[in-house]
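Student: The structure follows.
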Amino acid sequence: MARASGRRPCRARSPRPAATTTVIDRLERAGMVVRSTDPGNRRRVLVAATDTARSAEAEIFFPVGQAGARALQGYGPDELAVILDFLRTARRVQEEQAARVRAL
């Protein structure tokens, strides 16, 4: 079961720790996550997705992946290479701009 510290989302997206705790509280009440104490650091809480969350994820995103795969079947290798290059370029630009905004 993959686990992440409850504070890691705070560092990655910069919401206030209390806001992150509120979101995790709601996810826990909904049965989507469980909390446990980090065995290596008792002050740290680990948050893990539940089977309920994984089922919801599969129900929502598996059809998206299937539809995307079907849509790409109409393209040849050369066209897919151009699409991949575009997506990589777009991602790089977005990451650069996100870094610029974070530095403001």
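Student: Can you pull out the residues in region 13-35 that are of a type in the set (A, V, I, L, M) and either open to solvent by 80 Å² or more (accessible area, probe 1.4 Å) or closer than 30 Å to residue 101 by Cβ (or both)?
Tutor: 18, 19, 23, 24, 27, 32, 33
Student: Answer yes or no: is there a residue in region 82-95 that is closer than 30 Å to residue 34 by Cα and either of a type in the set (A, V, I, L, M) or part of a loop (DSSP other than H, G, I, E, B) (or both).
Tutor: Looking through region 82-95, none of the residues is closer than 30 Å to residue 34 by Cα and either of a type in the set (A, V, I, L, M) or part of a loop (DSSP other than H, G, I, E, B) (or both).
Student: Going through region 36-91 one residue at a time, which ones are surrounded by 10 or more Cβ atoms within 10 Å (Cβ to Cβ), over 22 Å from residue 17 (Cβ atoms) and among the basic types (Lys, Arg)?
Tutor: 54, 88, 91
The values are calculated or read from the model by the stated rules, or taken from the named source; none is laboratory data. Please read these numbers as outputs of a predicted model, since none were measured by experiment. Glycine gets a Cβ as well: all are built from the backbone with ideal geometry, and neighbour counts include every protein chain shown. We work out accessible area using only protein heavy atoms, side chains counted, and drop any ligands, DNA or RNA first. Shrake-Rupley method; radii C 1.70, N 1.55, O 1.52, S 1.80 Å.
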